[in-house]
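Notes for the one structure printed next.
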Amino acid sequence: MDRKQRFFVLLTALFVAALVTGDFIGGKFFVVFGHTFSAGIIPFPLTFVLTDLVNEFYGTHGAKRITMAGLGAAVFTWAVISLALRLPTSPDSPISDVVFKSAFGTSARLYVASLTAYIIGQLLDISIFHALRRMTGHRLLWLRSTGSTVMSQVVDSVAVSFVFLVGSKPLGFIVNNALHNYLGKLAMAILLTPLIYAGHGLFNRYFHLPEKDTPATELAT
């Protein structure tokens, strides 16, 4: 395994960690300046930063591969949680059945919502980034990174809010939640733009990895 492949494994591990963490904490809402957000907006925008970096240096095939790796990890996590919820709880368990179910009982619907939004948003982000890359070449990294996130997160935010909350919250709350989460993710994406440039510089200077030319069809081996 060469240096480029090893670094791809590292990026994949960080991507999966951010995705699964976002799924775990996404069911908690918090209020900032009177606006309600899901705690998932804290780690989740990092997945788009990492996707864009992989798209830039490993091509669309590499970006899709990391997306599928994240999906597989999230599905596995959901399956394990579902099994754990159905196991009988021992009287000696340090975490009671009530506490465990209160923490993870909503995970099934949240995971369906999150994964639906995730796969749609990721594939849309990859496609838009690739289209912008064709237009800009190696220039305007901020445009293809932020532009792809701005457009893909509209679909992501609407999908996760409606799938997770429909039937349990009024329509007005769902729409406001989708809007606030979108604005929160957008703000996070803009704030993380320097991280894109830092990662880009790391690839170029330290690892001496050239950008993947477009069209990109396969991960370098």
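Bear in mind that the values in this text are calculations on the coordinates, not laboratory data. It should be emphasised that the depicted structure is a prediction, and the values quoted were computed from it without experimental measurement. Using ideal geometry, Cβ is built from the backbone for each residue, glycine included, and neighbour counts are taken over all protein chains shown.
Using a 10 Å cut-off around each Cβ, can you sort VAL32, VAL75 from fewest to most neighbouring Cβ atoms?
Placing the least packed residue first, the sequence is VAL32, VAL75.
Normalising by the residue count of the chain, find the relative contact order in percent from Cα pairs under 8 Å and 6+ residues apart.
Relative contact order of the chain: 30 percent.
Taking the chain as a Gaussian network, Cα atoms linked when under 10 Å apart, which of THR77, THR51, THR89 shows the biggest mean-square fluctuation?
THR89
Which of HIS61, GLY184, VAL112 sits closest to the plus end of the dipole of the chain, meaning its Cα is farthest towards the positive end, when Lys and Arg get +1 and Asp and Glu get -1 on the C-beta?
HIS61
May I ask you to sort TRP142, TRP78 by Cβ crowding, counting other Cβ atoms within 10 Å and putting the fewest first?
Exposure proxy ranking, most exposed first: TRP142, TRP78.
Taking springs between alpha-carbon atoms closer than 10 angstrom, which of ASN177, ASN204, ASN55 fluctuates most in the Gaussian network model of the chain?
Greatest mean-square fluctuation among the candidates belongs to ASN204.
Only residues of the stretch 8-25 count here: report those whose backbone N is under 16 Å from the spot 7 Å along Cα→Cβ of ALA84, or say none.
Once the point is set 7 Å along Cα→Cβ of ALA84, 17, 20-25 turn out to lie under 16 Å by backbone N, inside the stretch 8-25.
Under 20 Å between C-alpha atoms is the cut-off here; go through the chain and count lysine pairs that meet it, provided they're at least eight residues apart or on different chains.
So the count works out to 6.
Can you tell me which of SER82, SER96, SER161 moves the most in a GNM of the chain? Springs connect C-alpha atoms under 10 Å apart.
Ranking SER82, SER96, SER161 by mean-square fluctuation puts SER96 first.
Looking at the stretch 52-145, which trypsin sites (Lys or Arg not before Pro) are DSSP coil and have at most 11 other C-beta atoms within 10 Å of their C-beta?
ARG139
Among ALA73, PRO45, ILE95, pick out the residue whose Cα is farthest towards the positive end of the charge dipole of the stretch 1-126, where Lys and Arg carry +1 and Asp and Glu carry -1 on C-beta, about the Cα centre.
ALA73
Quote the charge dipole size of the chain about the Cα centre in Debye, to the nearest 20; the model charges only the Cβ of Lys and Arg (+1) and of Asp and Glu (-1).
Roughly 220 debye, rounded to the nearest 20.
Sort MET68, MET188 so the one with the fewest other Cβ atoms within 10 Å of its own Cβ comes first.
The most exposed by this proxy come first: MET68, MET188.
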